[in-house]
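The values are calculated or read from the model by the stated rules, or taken from the named source; none is laboratory data. What you see is a predicted model, and the numbers here were worked out from it, not measured in a lab. Quick reminder, even Gly has a Cβ in these numbers, built from the backbone with ideal geometry, and neighbours come from all protein chains shown.
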Amino acid sequence: RREKKHPTCHIWWQFCETASSRGDIHGRIQTDSQFHMEIANISGNSRLISHQYAIYQQIRLILIQNCQHADAALSLAQVHHHRPIVAAIRGRDLEEARGLICQHIKDFYRLDPYLLRCYDSALEEVDASFGGPSNA
């Protein structure tokens, strides 16, 4: 049996918090990207990992130009979402992790809550077609 590699996502959100508190925009973007890549790595889904990496390579300049991370207080508030997400993943609480991730995405991208309700509805339909919730 293969031994599971211990995920390092908790280290990356700590680095991300440090960069945010210093107002280090480049460091914040780099460590935040690494945090999200580590979450993808935990999944073991090579397609997800590959696509996420490609996306980060393409949007890094957009993120820097956007400078949404320039406001240290806003940046820290966004990064603080990572801590409970990591705790839910470590606790293997899929529903909690999913809810926290949806909240993080909604806040970060300033999404209309309606979009997340549509996503929830779509998930429920998929779950029903497979005979139960996706985490069963």
> Going by the structure shown, is Leu48 in contact with a helix residue (DSSP H, G or I) (Cβ under 9 Å, 6 or more places away or on another chain), hydrophobic (A, V, I, L, M, F, W, C), without any contact (Cβ under 8 Å) to a residue 12 or more places away in the chain and farther than 17 Å from Glu17 by Cα?
Replying inline: yes
> Which condition number in (1) hydrophobic (A, V, I, L, M, F, W, C); (2) over 24 Å from Asp120 (Cα atoms); (3) crowded, with 18+ Cβ neighbours inside 10 Å is the one that Ile62 fails?
Replying inline: (3)
> So how many residues does region 96-107 have that are touching a residue at least 24 places away in the same chain (Cβ under 8 Å) and surrounded by 14 or more Cβ atoms within 10 Å (Cβ to Cβ)?
Replying inline: 1
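Residue-by-condition table, conditions (1) modelled with pLDDT of 90 or more; (2) in contact with a strand residue (DSSP E or B) (Cβ under 7 Å, 6 or more places away or on another chain); (3) part of a helix (DSSP H, G or I):
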residue	(1), (2), (3)
Phe35	no, no, yes
Ser50	yes, no, yes
Ile59	no, no, yes
His69	no, no, no
Ala73	no, no, yes
Ala77	no, no, yes
Val86	no, no, yes
Lys106	no, no, yes
> Quick one: is Thr8 among the β-branched types (Val, Ile, Thr), surrounded by fewer than 16 Cβ atoms within 10 Å (Cβ to Cβ) and modelled with pLDDT of 85 or more?
Replying inline: no
> Out of curiosity, is Leu63 assigned to a helix (DSSP H, G or I) and over 20 Å from Arg98 (Cβ atoms)?
Replying inline: yes
> Would a scan of region 82-101 turn up a residue that is more than 27 Å from Leu123 (Cα to Cα) and out of contact with any Cys (no Cβ under 8 Å at 6 or more places or on another chain)?
Replying inline: no
>> Checking the structure you have, find out if any residue of region 111-128 is modelled with pLDDT of 85 or more, in a helix (DSSP H, G or I) and either closer than 14 Å to Ser20 by Cβ or among the hydroxyl-bearing types (Ser, Thr, Tyr) (or both).
In response: no
